[in-house]
Protein chains: 2
Amino acid sequence: MNEIPRTERTTLKRLPKRGSFDREVINTILDEGFVCHVGFVTDDKPVVIPTGYARMGENLIIHGSRASRMLCALGKEVDVCVTVTLIDGLVLARSAFHRSMNYRSVVVFGRAHAIETRTEKLAALRALSEHMIPGRWDYVREPNERELQQTTVLSVPLNETSAKIRTGQPVDDDEDYDLPIWAGIIPLRLFAQTPVADPLLRMDVDIPGHVRSYVKP
Amino acid sequence: MNEIPRTERTTLKRLPKRGSFDREVINTILDEGFVCHVGFVTDDKPVVIPTGYARMGENLIIHGSRASRMLCALGKEVDVCVTVTLIDGLVLARSAFHRSMNYRSVVVFGRAHAIETRTEKLAALRALSEHMIPGRWDYVREPNERELQQTTVLSVPLNETSAKIRTGQPVDDDEDYDLPIWAGIIPLRLFAQTPVADPLLRMDVDIPGHVRSYVKP
């Protein structure tokens, strides 16, 4: 197991058995999500912005957006907390108190820095595209110089991070298992539905393999 | 239209046409989501924690969790930014640059305070339960005094908030519409699957109507 070193802020105080520092567990969660929530501090106050992301090896790449504009305005490197959460189900316990959800989340603490060089920026944009839908980058028109300059891409190292996971059935108080109350889980899952072509599509363009055979990770 | 007053930090600088201050639009998004991301500042650094929530009128109720413990440790009232994001689809443009996602998000700025009185706490816990699955609160064992004391519930007023929404097909550069490249959207949707009963369930307990007929909002 490839364990990421624990720090004060990545160590769970509550329900520590739900925590994981296993890089493979963390990577699997990060590779499945589409949106992260980027937290940063501005005027001493918190801001949390949703944005697209990708994992590139042991770095998290965050897409240009309002978040990156605000982050960059603050200086070269800025503290962020990036959180990715996947929802797996509703957990219906016999008591109101033990109601819960099944989920997998990753919290990343670190300093975001802007990717500056052309080569690195292209690699990061490719990672963002391939994270969303594999096979698309080589199919579409690549960014021109003006677009590259307009795009801000941030990178955060994945070296202070942990996962938190809840799975399975409710855990009720011993005496509540005798109650005539239904308990269980309602699984939730994000599905990809049939692709909808742009009505402005050229008539002679067929749906490519990477779209036709797309399966949500 | 019931508009929420704009402030400096709820006004979108980028793509302002995607923003909305309509309370009905904001409420609909909040009522559909399951998990919010709560951002707060500790030791001058941002922390973003996922947690369950519910809307109770014009307040957002946040469930007790590590976040609320950390929030409460900081004092009576603390600045938070709470963000809810619903993912609606992948937007596949003809150029890499215009790749996007369809989403609906709400950002709430405000000060969280702990709900203290027994009556208010019970009302908030009911709202949290009914938000997750309507009809469950009156069916399960209600919280006892010890559980009520253990539970922290926070409230944030919904008076500094805005929604951001992207819908529909990609918007490509004019000259790119002639390219022989497929463009369109892959809709994504969170579905509830068949409930899975707890194996420790009493044999004589039938699945209740609120579970059998549950439909994800």
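The values are calculated or read from the model by the stated rules, or taken from the named source; none is laboratory data. Nothing here was measured: the structure is a model prediction, and the numbers come from that model. Don't worry about glycine lacking a Cβ; one is built from the backbone with ideal geometry, like all the others, and counts go over all protein chains shown.
If you scan the range A:99-156, which residues turn out to be under 30 Å from B:Ala127 (Cβ atoms), facing chain B (nearest Cβ under 7 Å) and either surrounded by fewer than 16 Cβ atoms within 10 Å (Cβ to Cβ) or more than 14 Å from the chain's Cα centre (by Cα) (or both)? Those that are under 30 Å from B:Ala127 (Cβ atoms), facing chain B (nearest Cβ under 7 Å) and either surrounded by fewer than 16 Cβ atoms within 10 Å (Cβ to Cβ) or more than 14 Å from the chain's Cα centre (by Cα) (or both): A:Arg99, A:Met101. Considering each residue of the range A:4-26 in turn, none proves to be at pLDDT 95 or above, under 12 Å from the mean Cα position of the chain (by Cα) and surrounded by fewer than 23 Cβ atoms within 10 Å (Cβ to Cβ). Can you find a residue in the range A:79-95 that is at pLDDT 95 or above, in a loop (DSSP other than H, G, I, E, B) and closer than 30 Å to B:Thr152 by Cβ? Checked against the condition, which is being at pLDDT 95 or above, in a loop (DSSP other than H, G, I, E, B) and closer than 30 Å to B:Thr152 by Cβ, the range A:79-95 yields at least one hit. Of the helices (runs of 4 or more DSSP H) lying entirely inside the range A:107-217, those containing at least 3 residues that are among the basic types (Lys, Arg) are A:118-132.
Among residues of the range A:172-215 being touching a residue at least 12 places away in the same chain (Cβ under 8 Å) and more than 7 Å from chain B (Cβ to nearest Cβ), the one that is farthest from B:Arg202 (Cα to Cα) is A:Gly209. Within the range B:36-48, is there a residue that is of a type in the set (D, E, K, R) and touching a Cys at 6+ places or on another chain (Cβ under 9 Å)? Yes, the conditions are met somewhere in the range B:36-48.
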